[in-house]
Every structure is written in structure tokens, then in C-alpha cells.
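This report refers to the structure that appears directly beneath it.
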Amino acid sequence: MRVLIYGAGQLAQMMYLAGCPLGIEVQAVDVKDDSVVHPVSKLPLELNLTQAIEAADALSVEFEHVPERLLEQAAASDKLLPSMSNILIGADRVREKKLLESLNVPNCAHRLVTDLTQLDECVESLGERLIIKASRDGYDGYGQWRLTDRSKLDALKQSLQGLDLDAVPLIVEQMVDFDRELSMVGVRDKQGNISTYPLAENLHYKGQLHVSVAPAPEVDTELQKRAAHIFETLASGMDYVGVLAVEMFQCGDTLLVNELAPRVHNSGHWTQSGSVTDQFENHLRAVCGLPLGDVAAIGVSAMVNIIGCGSFSRELLSIKGSHLHWYGKTVREKRKMGHINVGAADYAELGDKLAALSQYLPLEFFPKLEKEARRLR
Ligand code: ATP
Ligand code: MG
Ligand code: MG
């Protein structure tokens, strides 16, 4: 079988690796020039996009910001999964909020802003602590602005002056004082069967995911069930096929959905060695119409992103239960270069391993890693 993935980054690479034992060949489309490339070497393959679409059993995406003309061409083949409209929900916060509302899924209080004068009304109704998000093309915290008090509203308006809000409106959200960030990664097959992984707890650093711990500590069956219910409402409501990630804020007993990612997700990378069937294999199984794999966790895991750094000692692999996944990209500031998965029998042991890991990573966000290690221990 053959699956063509739009986007030729690390997620396509990891889907390729997951496809090998199943005899599923993954090819990638570099959306910068429409070339069809090998997902690991990135070298062009000897076929053009039209031929690759014809030869594929399924088409899918590794990120939601694929140019619409490419999505249209892909959708015309009737092989694109998840569907184009579901991919666009993940790419456009206006569609995303509409979906959440139509399915009655709790989310952050927000307003749609198409004219900067509407920001005054936002402060009146939502309060003075706001997060302003471009409705399209944002990721890793890019395309976001914050208001922390009313006196800075004019300055904020000034900095938003140049935006074309007719083309890309803003979603203005109330800043939520959440207890923590959780994500639910799950998969739905063509028959509508759904499997959800245990919740992951996500720690961010400067707007980027830094560490995920899964199963998230202190999640009782009730909370896990509630998150699974939200996932099922969304995935079934969208008639979704493939892996879907749902980012949530936990506020006491309440779960608010922050955003959706219509694809395999960074907060699901721990599944590579921390679950029976990882998210990459399950995505391929779903889009190829194969039975889904077991999503149970094996012990407890942490995933640590390696961001903007290429030189560290591979001796970190001496930590028992650690695995390095390197993406082979040129080092750039804030770029996700790879990740490390660490498995342990319990949280205390995981804390020890994270503390040990922090000794190998000369990263600026290291205090946070040590803090997390202390918390788990
Ligand atoms: P991603 O890389 O996850 O796609 P993104 O750029 O799409 O990121 P969001 O996930 O919407 O952006 O926001 C990034 C982070 O900012 C969140 O993980 C959270 O820490 C914080 N954040 C976003 N919205 C809110 C909110 N309404 N209240 C408080 N914090 C928020
Ligand atoms: Mg996002
Ligand atoms: Mg996010």
C-alpha cells in the first residue's frame, strides 16, 4: 500500500518509519514546490504529484497549513483523509470555534474580530486579559499577541494596524488561568471506531511544546472519561478519519478545548515507545482502512523536544528506557530538531530519569526540566 503525505517534515518521516513494517510505503509532498520526495532523505522521487496521487491508496497531511489549491487537488481524488473540510477546521480558528460551538464543546470565551475597533468591546465583555490570535497560519505561539491590562489597548491596536483582517480575522480569547495543559490524541477509523490514548500533560516554554508526560499524572478515570467523551464528540461530529489531537486546558474539573490538530501531534510522540501501537502507525492504519491498534500505555513516559540545538552528547542514551528521534534538519533557533522519549515504571523513576537527562542537554529551558523532575519525584 502507498500513502502520500502533504508536508515533508519530521511527522512524514515518522509516518514513513511506522509504515515500513506494515509494508505501507509513505511518500511526501514538499509543498514549497509540489515535488514528491522520500520522507527521510528528502530526495525527489521519480514521479510527479499527479502520478503520486494516482499511485497512492490514501492521501493525508502532516500539517494543516497546506495550500488550499493542493488540498483541492487532493480532495478531488477521493482519497484524502481526514477530509479537506476537517483539515481546514484545524487550519482556521474561525471554523474551529464554529465547530466547537455547534457541538457544544466547552472552549475559551472568545470573540471574532474583523475590525480593530471591536477590541474595545472585547475588553468590555471578556475582561482586560486577552490573547489575540490570527485565525490562520499560527503555530508554536506565532501569530499571537497578549493584552494584560486595559491601559495597553491603544498600543496593542497600533501593533495590529498592518494586518488585513478581511483576509485573516482575529480570534480574541479570554486569558484562562488554567491549572495545566493536557492533550488527548486519538484515532477514528472509516467505520467510526474510536480509540483514545491516555491524556498527556504538556509543558510549554516560550510558546512551544517542551515536555509531555503521559499518562498525565493525577488523572482519575472520571477525567480521562470526560476527555475521551470530548474527543468522541468532535471526531464523530466531524466524521473524522485518522489521528486527531485535541489540546485542552484543565481548570479544576473542567476541560476547555484550546485547539485541534487534524494530524499526528507532537504531544503524541511518547506513544512511539510508551504505548502498544504508536500514533503514526495508527494514523496509517486508519487512512488505509486497516483495524486500529491497541492504544494502551506501557508504563509512564516523558517526551522532551530538542529545540534549536544540534550539539549534545549522545551518551544520554545511557539512560535506561531512553530513545532519540533525530529529524536531520539544519539547526535554527526555535526549530524542533528532534525529541527524546524516556520510559519508566512509575513517576518517581521518570523524575529521576528526567533529572539525569537534563545533565546532557545544554538548553536554556533546563531549569524547567529539573522542576518537572522534582515534581514527578
Ligand atoms: P501550537 O504550536 O500548539 O499549534 P498555536 O500557535 O496554535 O500553538 P495555541 O495552542 O492556541 O497556539 O496557544 C499556544 C499556547 O498559548 C497554549 O499552549 C497556551 O499555553 C497559551 N494559550 C493559548 N490560548 C490561551 C488562553 N485562552 N488562555 C491562556 N493561555 C493560552
Ligand atoms: Mg495550533
Ligand atoms: Mg496549541
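By counting other Cβ atoms within 10 Å of each Cβ, how are Val36, Val26 ranked from fewest to most?
Val36, Val26
Determine, for each peptide in 232-238, 84-90, the mean count of other beta carbons within 10 angstrom over its residues, then list the peptides with the highest first.
Order by mean packing, descending: 84-90, 232-238.
If you place +1 on the Cβ of every Lys and Arg, -1 on the Cβ of every Asp and Glu, and leave all else neutral, what size is the dipole of the chain about its Cα centre, to the nearest 20 Debye? Provide the component values of the computation, followed by the final result.
Values: 38 positive and 51 negative charges, 165 e Å.
Result for the chain is approximately 800 debye, rounded to the nearest 20.
Take every DSSP beta bridge whose two residues both sit in the chain, then give the antiparallel share in percent to the nearest 5. It would help to have the intermediate numbers written out before the result.
Values: 63 of 74 bridges.
Among the beta bridges of the chain, antiparallel pairing accounts for roughly 85 percent.
So what is the relative contact order for region 2-80, in percent, with contacts set as C-alpha pairs under 8 Å and at least six apart?
Relative CO of region 2-80 lands at 34 percent.
Can you give the Rg to Rh ratio for the chain, taking only C-alpha atoms and Rh from Kirkwood?
0.96
Explain nothing, just the number: relative contact order of region 180-376, from Cα pairs under 8 Å at least 6 residues apart, as a whole percent.
The value is 19 percent.
List the pairs from Lys133/Lys368; Lys42/Lys334; Lys79/Lys133 whose alpha-carbon separation is above 24 Å, in the order I gave them.
Beyond 24 Å: Lys133/Lys368; Lys79/Lys133.
Could you work out the relative contact order of the chain? I mean the mean sequence separation of Cα pairs under 8 Å and 6+ apart, divided by the number of residues, in percent.
Relative contact order for the chain comes out at 13 percent.
For region 161-187 and region 104-156, what is the separation of their Cα centres, given in Å?
Rounded to whole Å, the Cα centres lie 8 Å apart.
Cβ neighbours within 10 Å, averaged per peptide: list 8-17, 130-139, 312-321 in order, most packed at the top.
Answer by packing, highest mean first, reads 8-17, 130-139, 312-321.
Counting DSSP beta bridges with both partners in region 1-116, what percentage is antiparallel, nearest 5?
Antiparallel bridges: around 30 percent, rounded to the nearest 5.
Please sort 37-46, 196-205 by packing, taking for each peptide the average over its residues of neighbouring beta carbons within 10 angstrom, highest first.
Packing order, densest peptide first, comes out as 196-205, 37-46.
If I require 18 Å or longer along the helix axis, counting alpha carbons, and a Kyte-Doolittle average no lower than -1.0, what helices from the chain are left? Use full DSSP H segments.
Values: long enough: 221-237 (23 Å, -0.26).
Span-like helices, by this rule, are 221-237.
Report the Cα centroid-to-centroid distance between region 6-28 and region 33-80 in angstrom, as an integer.
Between the Cα centre of region 6-28 and that of region 33-80, the gap is 12 Å.
Using +1 at the C-beta of Lys and Arg and -1 at the C-beta of Asp and Glu, which of Ile194, Ser311, Val246 has the Cα lying farthest in the positive direction of the dipole of region 180-376?
Sorting the options by dipole projection puts first Ser311.
Just want the ordering: Lys32, Lys329, Lys97, Lys334, from fewest to most Cβ atoms lying within 10 Å of their own Cβ.
Sorted ascending by nearby Cβ count, the order is Lys32, Lys334, Lys329, Lys97.
Size of the dipole of region 91-248 about the Cα centre, Lys and Arg at +1 and Asp and Glu at -1 on the beta carbon, nothing else charged, in debye to 20? Before the final figure, lay out the partial values.
Working: 18 positive and 26 negative charges, 45 e Å.
Taking the Cα centre of region 91-248 as origin, the dipole is about 220 debye.
Dipole magnitude of region 180-376 about its Cα centre, charges +1 at Lys/Arg Cβ and -1 at Asp/Glu Cβ only, in debye to the nearest 20?
Here the size comes out at about 680 debye.
Per Stokes-Einstein, at 10 °C and 1.306 mPa s, what whole-number D in µm² s⁻¹ belongs to region 2-80, with the Kirkwood radius over Cα pairs as the hydrodynamic radius?
This corresponds to a translational diffusion coefficient of 131 µm²/s.
Taken together, the values in this text are just the output of simple stated rules run on the coordinates, not laboratory data. Keep in mind that what you see is a predicted model, and the values were worked out from it rather than measured. All Cβ positions, even for glycine, are placed from backbone atoms using ideal geometry, and neighbour counts span all protein chains on display.
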